[in-house]
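Asks: I'd like to ask you about the structure that follows.
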Amino acid sequence: MSSSPSPAVLVVVGAGPRATGLLERIAANAPELWDGSRQLHIHLVDPHPPGPGRVWRHEQPALLRMNSVAEDVTMFTDESSTIDGPIRPGPSLAEWAAQFSGRGTHHAPYAEPADPEVLAELRDLDGSDFPTRRAQSAYLDWVFRRALAQLPPTVTVEWHPTTATAVTGPPVGPQRVHLADRATPLTADLVVLAQGHLGSAPAAEYRDHAAFARRHGRFHLPPAFSADADLSAPRPGEHVILRGFGLAFIDLMTLLTEGRGGSYRTDADGTLTYLPSGREPVLHVGSRRGVPYHSKTRYRLQGPRPALPRHFGPEAVDALLAEDRPLELRRDVWPLMAKEIGFGHYHELFHAHQERTALPWPDFVAAYDRLDWYDDEMAALVAAAVPDPADRLDFEALDHPLDGLAFPAPDAFQEHLRDHIVQDVTRRESPEFSADLGAFLALLSAYGQLPRLVASGRLTARSVADELDGWWHGFFSFLASGPPGFRLRQLLALSRAGIVHFLGAGIRIATDETSGAFTATSPTVPGHTTHATALIEAYLPGPSLAHTEDPLLRGLYREGALTEEVIADPTHTHRSGLLAVSPTDGHLIDPSLDSPHPRRIALGAPTNSRAVAAFARPRTNAPAFRQNDAVARALLRALSATEAETTTPPADGRPLRV
């Protein structure tokens with residue numbers, strides 16, 4: 001009488017959106033790739049709830065919101081997805097929320113959220129609304145439970161609400177994942193690291209500022225996740241410098257104003273007025289650009305959806321790689337990306353706002369297709385076809401709007417930047433400017449083509465450092481990852497109320513030992529210095545394996561069992577701080593093996609795969625979904641081929657059922 005084979009065991013460290021997406025792809029591919037005669041047991045290790053994970057957990061301030069509208073957030077593959085596994089469509093956040101008001105068509109084994117505020121929000125949620133992060137947390141919880149429900153009976157999942165501290169084991173044998181709250185490690189055939197965005201210990205510059213603050217009794221906050229930051233120290237009326245003008249600043253601004261009891265009133269003329277509680281500090285904000293990120297568009301395309309990619313797709317990447325020479329992003333790749341983004345912009349302008357164009361679309365696009373983006377003939381074509389300069393796409397003007405500007409006094413700059421913000425919000429909320437959304441969609445398409453180019457190793461080290469991880473990442477975030485328009489209207493109200501002051505571009509932070517103050521200067525307002533008794537670094541921690549707060553990755557790095565991405569050529573060496581993985585399947589590069597580790601895989605934010613967010617805009621062929629599918633299929637094949645090497649330990653986690 002033969003006994004049943006021992007279960008195959010997979011341990012996934014991290015249970016947030018990336019792990020949830022992987023689980024959904026395992027469920028989708030299991031009917032084809034998993035032999036039902038053997039059990040597969042999946043351990044999820046995360047101190048935070050599976051589905052939302054740390055960043056999207058319900059237990060965070062209710063004031064915090066997403067920077068995407070509800071209809072633009074999905075966790076599911078669709079007809080645009082170029083994957084080998086089956087496409088399993090599912091609802092966007094907006095479509096899912098509609099079921100709670102009786103408007104939806106998607107029904108699932110899911111109870112109403114326990115939080116009455118979240119349930120009320122979901123019932124009223126429109127597709128063009130910017131949801132709270134708690135609403136997204138409820139959606140991710142449902143996606144996770146749906147993935148559980150779609151797993152075959154031979155696949156079981158157990159959640160361990162704790163931290164993974166280490167992973168050990170030879171590359172040819174079982175892996176042991178050590179947990180903070182138990183003596184016996186989990187034994188696995190394969191391990192996937194999907195911890196998501198990680199904190200890190202402050203770099204030297206921040207340690208110096210922290211030491212200054214301690215000496216003088218001041219407050220300093222290094223880069224941190226806003227929902228986790230302790231903001232109780234700044235006193236009412238205390239002057240605080242915030243370095244950074246992106247999404248982290250918006251969160252911090254909200255928590256230090258509304259979060260301290262302030263509120264907003266809409267006046268008869270539509271103006272938003274801030275009503276202080278008296279508990280707010282005074283915020284002085286500046287950054288490299290000196291302006292906030294562009295607000296998110298809230299309208300839909302007015303014309304037909306452009307067929308993307310057109311100028312920067314797989315064929316264009318093939319052509320670049322065929323040149324067999326070192327590549328530079330700005331010189332060789334960006335002109336193609338810019339032309340792609342320009343195509344999305346002008347496609348919408350010509351189809352939805354024909355009255356503002358001077359050529360028939362077929363004539364324009366025929367000429368556009370044959371010209372390079374930076375050709376003089378291209379500039380002449382656009383000038384002739386698009387009479388209003390406001391309708392033309394000028395990346396250089398968008399990138400640094402304060403370049404070449406200087407103001408005689410801070411008050412003059414405040415007025416200028418308020419006007420800049422008003423124009424931006426107006427443009428991003430009026431369908432009259434829907435060409436900006438066409439450009440945004442093409443921007444996402446161009447982003448999706450980059451992973452293969454980066455994985456080829458053909459970009460020079462200097463280009464990866466300065467142009468990809470430096471300029472491009474910042475430019476993409478500036479254009480595409482800004483706050484909702486209502487947040488910028490709140491920023492305007494805070495500025496008019498004297499709660500927020502604008503510092504300018506290229507700010508420099510210094511310290512004054514005599515007065516014990518932090519100081520900020522900017523060439524935007526020459527000769528002016530701002531003094532403050534608190535400094536907040538208003539941006540997220542950068543990647544750093546050497547300083548990561550994650551004990552598992554920190555331990556592997558110190559042991560030499562994984563490596564930081566290092567790109568070197570004769571002219572430069574770039575250390576990205578990212579975890580080096582195999583570009584095709586995500587296996588960790590183990591320096592001791594001089595090859596990918598066969599049993600350890602890593603996905604998501606800490607890795608050099610540079611795939612975008614775990615959830616994406618529908619119908620954009622999201623790179624992260626493609627990666628999840630490829631890795632899920634590889635995992636199932638590898639686990640099917642493993643012999644019975646592991647033993648299933650007594651369950652002390654939480655077996656998960658729908």
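Asks: Provide the per residue accessible area, probe 1.4 Å, for the chain, rounded to a whole number of square angstrom.
Replies: Heavy-atom accessible area per residue stands at 41 Å².
Asks: Sticking with this one: At 222 nm, what helix-only mean residue ellipticity would the chain give, in deg cm²/dmol to the nearest 500, using -39500 (n - 2.57) for each DSSP H run of four or more?
Replies: -10000 deg cm²/dmol
Asks: Here's another thing I want to ask about it. Cα centroid distance between the stretch 28-85 and the stretch 219-276, in Å?
Replies: The stretch 28-85 and the stretch 219-276 have Cα centres spaced 31 Å from each other.
Asks: Take the Cα coordinates of the stretch 271-372, assign each an equal point scatterer, and use the Debye formula without solvent to give log10 I(q)/I(0) at q = 0.17, 0.19, 0.20 Å⁻¹.
Replies: Taken in order of the listed q values, log10 I(q)/I(0) reads -0.96, -1.07, -1.13.
Asks: I need the trypsin sites (Lys or Arg not before Pro) found in the stretch 43-87, filtered to DSSP loop residues with at most 16 other beta carbons within 10 Å of theirs.
Replies: Taking the stretch 43-87 and a limit of 16 other Cβ atoms within 10 Å, no loop trypsin sites (Lys or Arg not before Pro) are found.
Asks: Same structure again: Would you list ASP419, ASP84, ASP189 from the most to the least accessible area, probe 1.4 Å?
Replies: Solvent-accessible surface, decreasing: ASP84, ASP419, ASP189.
Asks: With label points built 7 Å along Cα→Cβ from the Cα atoms of VAL422 and SER515, find their separation and express it in nm.
Replies: 3.2
Asks: Take the alpha carbon atoms of the stretch 303-334, find their center, do the same for the stretch 118-139, and report the distance between the two centers in whole angstrom.
Replies: Rounded to whole Å, the Cα centres lie 37 Å apart.
Asks: Return the carbon/sulfur percentage of the accessible area of the stretch 237-377, one whole number, probe 1.4 Å, all protein chains in place.
Replies: Reported share for carbon and sulfur atoms: 48 percent.
Asks: Report in % the part of the accessible area of the stretch 398-552 that belongs to carbon and sulfur, leaving out ligands and nucleic acids; probe 1.4 Å.
Replies: Numbers: 3060 of 5680 Å².
Here carbon and sulfur together make up 54 percent of the probe-accessible area.
Asks: Here's a follow-up. Please identify the longest segment of the chain free of exposed GluC sites (Glu not before Pro), where exposed means a DSSP state other than H, G, I, E or B and no more than 11 other Cβ atoms within 10 Å.
Replies: Between exposed loop sites, the widest span is 80-322.
Asks: Tell me, what % of the accessible area of the stretch 6-117 is carbon and sulfur with a 1.4 angstrom probe?
Replies: 53
Asks: List the chymotrypsin sites (Phe, Trp or Tyr not before Pro) within the stretch 250-297 that DSSP assigns to loop and that have no more than 15 neighbouring Cβ atoms inside 10 Å.
Replies: Values: sites: TYR264, TYR274, TYR293; in loops: TYR293.
When the chymotrypsin sites (Phe, Trp or Tyr not before Pro) of the stretch 250-297 are filtered for loop state and at most 15 Cβ neighbours within 10 Å, nothing remains.
Asks: Among DSSP beta bridges whose residues both lie in the chain, state the antiparallel percentage, nearest 5. Intermediate results must be reported in sequence, preceding the final value.
Replies: Details: 34 of 72 bridges.
Rounded to the nearest five, the antiparallel share is 45 percent.
Asks: Less than 13 Å Cβ to Cβ from LEU33, Lys/Arg counted +1 and Asp/Glu -1: what total charge do the surrounding residues give?
Replies: Once positives and negatives cancel, what remains is 0.
Asks: If you don't mind, there's one more thing I want to ask. Given bins 20 angstrom wide, list per bin the percent of all Cα-Cα distances in the chain, short to long.
Replies: 17, 50, 30, 3, 0
Asks: Mind giving me the nanometre distance, one decimal, between the label points for ALA366 and HIS531, set 7 Å out from Cα along Cα→Cβ?
Replies: So the two model labels end up 6.9 nm from each other.
Asks: Given 0.36 nm per residue, what is the gain on full extension from ASP375 to HIS473 after removing their alpha carbon distance, in nm?
Replies: My answer for the length gained is 32.8 nm.
Asks: At what distance in angstrom do the alpha carbon centres of the stretch 371-423 and the stretch 146-176 lie from each other?
Replies: Going from one Cα centre to the other spans 52 Å.
Asks: Given labels modelled 7 Å from the Cα in the Cβ direction, how far is it in nm from ASP181 to PHE225?
Replies: 1.7
The values are calculated or read from the model by the stated rules, or taken from the named source; none is laboratory data. Nothing here was measured: the structure is a model prediction, and the numbers come from that model. Positions of Cβ are backbone-derived with ideal geometry, glycine not excepted, and every protein chain shown enters the neighbour counts. Calculation scope for accessible area: heavy atoms of the full protein, side chains included, ligands and nucleic acids excluded. Shrake-Rupley method; radii C 1.70, N 1.55, O 1.52, S 1.80 Å.
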